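Following: one structure in structure tokens, then a few remarks.
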């Protein structure tokens, strides 16, 4: 019962959350209706807007607002482990994303059937990798929200992640030319949200490897999914530790 109440609290904590879902779905539908993109173009759009931007929009201030306003004291005074609040809020975000992506897939299938044009091959795998990316980005944003006041956690990630990936890409290109740089290159590549790995999975770029099903590599696909889930768990553990160790004030910042 407590889990349900905490997840519902995540769903209804802000009225603009429902507006975000409607706007995002309308954007997918409008993009499909007016441009009739192929599967790769539509997949890219859903992957970035649903996996990254939706995660930032839904997790903006998810803890920062409550801590800054003093509301967190009401939520944590009940006799339960503080980490539960983090886990059930993150689970609430994940369920929102799952429902959102199911609706997005249904909308695109309906438009495809109605218009009779366009290509939706591989839509299911794009929705899956988008959900995995959403969970990773939402966990990172939620953990950051514990230490960043108000909704600046999402703004910070919106600036840092594109900048960091650009700089890390340049560094990775430089390291390819250096001997014995493999461990450093792996460290640069793998601790961050798995944009590249999941994108290549959905685009079928791992299909050249052994144990393939169609254009997808079984071993590489499993590795990418496990890696994204591990990142989600690691980001969540960091957030739970930070949330459990914080002291809260009822005074509004």
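Among the residues of region 26-44, those that are surrounded by 17 or more Cβ atoms within 10 Å (Cβ to Cβ) and either free of Cβ contacts under 8 Å to residues at least 24 places away in the same chain or within 24 Å of residue 158 (Cα to Cα) (or both) comprise 28, 31, 42, 43. Note on region 216-253: among residues that are in a loop (DSSP other than H, G, I, E, B) and either surrounded by 13 or more Cβ atoms within 10 Å (Cβ to Cβ) or in contact with a helix residue (DSSP H, G or I) (Cβ under 9 Å, 6 or more places away or on another chain) (or both), the one that is modelled with the highest pLDDT is 246. Could you list, ordered by first residue, the pairs with Cβ atoms under 7 Å in which the first is in region 73-90 and more than 15 Å from residue 5 (Cβ to Cβ) and the second is surrounded by fewer than 18 Cβ atoms within 10 Å (Cβ to Cβ) and modelled with pLDDT of 80 or more, at least 6 apart or interchain? As it stands, the answer is 82/244; 83/244, since those pairs meet every condition given. Restricting attention to region 1-25 and to residues that are outside any helix (DSSP H, G or I) and surrounded by fewer than 15 Cβ atoms within 10 Å (Cβ to Cβ), the residue that is modelled with the highest pLDDT turns out to be 15. For region 45-84, give me each residue that is under 19 Å from the mean Cα position of the chain (by Cα), modelled with pLDDT under 90 and assigned to a helix (DSSP H, G or I). Residue satisfying the conditions is 64 alone.
Being free of Cβ contacts under 8 Å to residues at least 60 places away in the same chain and either in a helix (DSSP H, G or I) or in contact with a helix residue (DSSP H, G or I) (Cβ under 6 Å, 6 or more places away or on another chain) (or both) holds for only one residue in 120, 125, 160, and it is 160.
The values are calculated or read from the model by the stated rules, or taken from the named source; none is laboratory data. Everything numeric in this text was worked out from a predicted model, so none of it was measured. Note that each Cβ is placed from the backbone with ideal geometry, even for glycine, and that neighbours are counted across all protein chains shown.
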